[in-house]
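Below you'll find the structure, written out as structure tokens, and then a few comments.
Any read-out appearing in this document is the output of simple, stated calculations on the displayed coordinates, not a laboratory observation. As the structure is a computational prediction, the values presented were derived from the model and not from experiment. Using ideal geometry, Cβ is built from the backbone for each residue, glycine included, and neighbour counts are taken over all protein chains shown.
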Amino acid sequence: MTSILILNGPNLNLLGTRQPEVYGRATLADIEALCRAHASTRGAEIEFAQSNHEGALIDSIHAAKGRHGGIILNAGAYTHTSVALMDAIASVQLPTVELHLSNVHAREEFRHVSYIARVALGVICGFGAAGYPMAMDALLAHLAQEG
């Protein structure tokens, strides 16, 4: 059975109350339930985690090697600033999908830059919580092709 790490970065623990006009009303617990339900229909297992700390996210990425087939990463604001997260993804050599709830390209200019995209299979953004199952499907399709 394929296992996926779904990793969420800073401030995503505040979903549902933090700028719902931008990020939607779904909480992180709602998104986790959505992901678990979708994974069960796809025959996949997931580990779902969140941290506000860059080092903890890096530790989770490192620990994923040998445990998971790939990573879905919503790095939040670290997407635009963290060379360390980019290097961690490149180092573990696991296929990674970058994910954002909002359409970062329709927002502030600084959000148009992604260090994560340089080492990701692809980027899904702007579909709210529905982006998570999309990212799972894309990653699972990639893993099946690698087979």
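Among Leu28, Leu12, Leu73, which comes first, second and so on when ranked by fewest other beta-carbon atoms within 10 Å? Could you put the intermediate results ahead of the total?
Numbers: Leu28 17, Leu12 20, Leu73 28.
Listing Leu28, Leu12, Leu73 from fewest to most nearby Cβ atoms yields Leu28, Leu12, Leu73.
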Check: Taking the chain as a Gaussian network, where each spring joins two C-alpha atoms under 10 Å apart, which residue of Gly16, Gly43, Gly128 fluctuates the most?
Finding: Gly43
Check: Under a point spin-label approximation (7 Å from Cα along Cα-to-Cβ), what is the Ala56-Thr41 distance to one decimal in nm?
Finding: 3.1
Note to self: Would any residue of region 106-147 have its amide N under 16 Å from a label point 7 Å out along Cα→Cβ of Gln19? List them or say none.
What the structure shows: 106-114, 125-129
Margin query: Please compute one quarter of the surface area of the Cα convex hull for region 2-146 and express it in square nanometres.
Written below: 7.6
Next item on the list: Could you line up Met136, Met1 from fewest to most neighbouring Cβ atoms inside 10 Å?
Entry: Met1, Met136
Notebook entry, point to check: Each residue of region 5-19 in order: what ³J(HN,Hα) in whole Hz does its phi give by Karplus 6.51 cos²θ - 1.76 cosθ + 1.60, θ = phi - 60°, with x for Gly and Pro?
Noted result: 8, 10, 10, 10, x, x, 6, 6, 5, 9, 4, x, 10, 7, 6
Check: What net charge is computed for the residues neighbouring Leu94, neighbours being all others with C-beta under 10 Å from the C-beta of Leu94, Lys and Arg scored +1, Asp and Glu -1?
Finding: +2
Margin query: How much length would be gained if the chain were fully extended between Arg118 and Ala63, taking 0.36 nm per residue of separation minus their Cα-Cα distance, in nm to one decimal?
Written below: 17.7 nm
Next item on the list: Taking amide H positions as placed in the peptide plane 1.01 Å from N, state which residues far from Thr81 in sequence (5 or more) or on other chains have amide H under 5 Å from it.
Entry: Tyr115
Notebook entry, point to check: Any idea what the relative contact order of the chain is, in percent, if you count C-alpha pairs under 8 Å spaced at least 6 apart?
Noted result: 26
Check: By how many nm would the segment from Ala49 to Thr27 grow when fully extended, if each residue of separation counts as 0.36 nm and the alpha-carbon distance is taken off?
Finding: 6.6 nm
Check: Sequence-distant or interchain residues sharing an amide H contact under 5 Å with Cys125, placed H: which?
Finding: His100
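What helices in the chain pass both tests, a Cα length along the helix axis of 18 Å or more and a mean Kyte hydropathy of 0.0 or higher, using whole DSSP H runs? Write out the running numbers ahead of the final one.
Numbers: long enough: 28-42 (21 Å, 0.07); 131-146 (22 Å, 0.34).
Taking the DSSP H segments of the chain (at least 18 Å long, mean hydropathy at least 0.0), we get 28-42, 131-146.
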Margin query: Can you give me the long-range amide H partners of Ile72? Hydrogens built in the peptide plane at 1.01 Å from N, cutoff under 5 Å, separation of 5 or more residues or another chain.
Written below: Leu5, Ile6, Leu7, Val97
